[in-house]
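I have placed the structure first, in the form of structure tokens, so that the comments after it can refer back to it.
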Amino acid sequence: MQVRLVRLISLLTLCAALGSAPLVRAQDGGDKPPTGMTIHVVQRGETLFRIAQRYGTTVEDLARLNGIQNPSALAVGQRLIVPSPPVSPEESAIGIPTEYTLQVGDTLFKLAAAFGTTEAAIARRNAITNPRLMYVGQRLALQEGSQSAQGIRTGWIHRVRRGETLYHIAARYSTSPDLLRLINSLPRADLLYIGQPLIVPSDENGVPLTDLPFPLARFEMTPVEQGRTSALRLITQEPTRLAITFMGKPVTVFSDEAGVTHTALLAVSPLAEPDIYPLRVVADQHVAEWRVRVADGGYRTEAITLAADQLDLLNPSVTQPEEERVRQVVSAITPQRYFGGLMGLPCAAPVSSPFGARRSYNGGALNTLHTGTDFAALPGAAVYAPAAGVVVLAEPLSVRGNAIILDHGWGVFSGYWHLESISVRAGALVQAGEVIGTVGSSGRSTGPHLHWELFVQGVQVDPLQWTKQSFP
Ligand SMILES: [Zn+2]
């Protein structure tokens, strides 16, 4: 059986109304509880055990206070005397407060289910008035609650589609309609509405509870920062062709042979403004869009002084043709992936100028950017390939001097400028750690150093990040 969603889904627009009542109304109606007591109105799905847990009391005490003979025969709407002062649901929540960073596949409904609290409580605590404005990377204060569905951290949020029954949904996820009814506190199996969120639990080792539109099953993304690379991995419920755009630009997606595991690298220019940007995923005819935060990269500023005879370094007529040549070389996308694991450092020397520094030359404006990482290495020091790759450029250039560019596959290229010597030829496959040349001061350079540059799908990004974080 195959049920397909043909409509456009935007994940964050599907959150339920925020005005919904909190799970527990500690005081209700005209009943005046005795001093030091409160009245709890039993909600659907609650047990005496949960209520006792919430108020820090015991099942025995509650049963005795309320004259309950059979603790499993609670009625929805039944009023119970509870021996504690009235508390709000947030304050009464058990468990430790957590700072949580919003991920792709999170909605208020999902977070409420996973943390055992209510959407309204999360919204109130975090001053969220419009869930559509939530974004990936947003920090939320959450606290473990005590709702009946609490603790379900693996599985899916399934949004009911036209024509579906609880039996269809149970079959799709290999579970039982009874379990779905129980977990979701549904009064009747035949009372579903289109768009209704249902929690479909999976076992302990299942996918993290996620609220993704079909056919997406899992979505992992590392934090997105100015000038850095973010890894994105998607798993689909069936073989799917994906197209992704981020910040309005298409992103190359690499899918496995089965067509269910998809990987992409997001490279953000260091010049991009820290802000919220759209991430759009088209899976066959289904479209999903999220708002994603690009965080500040924390780059510093540098003042550089050039001698009069070096000022043509800044002359576009000198730099432009070479720039275009390099751009062309690094714009290729090789489907073969040579990199894997952490990259090594290209030379054994301290960093003298970091990537991303805003530069002013001879007292001018801060209008240029350092597009690589400089190492203060001695002339003649060995330069190593930080990862396996194919040499795609190995020749003297006028600005960059003796230059090497390696293609690591998947649109990842590294560049080495101002070398004294080059010991590899274009077309050669080099392994990680192999010597490719020596440090020098060729081209327009202010002294011996290695300038190391990393391009990911044509965007210059921080190379040192790749020595600390491995990409899938
Ligand atoms: Zn440099």
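Read-outs: derived from the displayed coordinates by stated rules, not from any lab. Keep in mind that this is a model prediction, so the values were computed, not measured. Quick reminder, even Gly has a Cβ in these numbers, built from the backbone with ideal geometry, and neighbours come from all protein chains shown.
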task = Give the whole-number value, in cubic angstrom per residue, of the convex hull volume spanned by the C-alpha atoms of segment 216-294.
result = 75 Å³
inquiry  = Ratio of alpha-carbon Rg to the 2.2 N^0.38 Å globular estimate for the chain, to two decimals, please.
reply    = 1.27
key: Charge sum, other residues only, whose C-beta stays under 12 Å from VAL459's C-beta, Lys/Arg counted +1 and Asp/Glu -1   = +1
ask   = Helix 316-330 sits at what angle to the longest principal axis of the chain, using alpha carbons and giving 0 to 90 degrees rounded to 10?
value = 60 degrees
message = For a distance above 14 Å, tell me the whole-number percent of Cα pairs in segment 38-87 that qualify.
response = 42 percent
request  = Please report the Cα spread of segment 301-468 along all three principal axes, rounded to whole Å, starting with the longest.
outcome  = 44, 30, 29
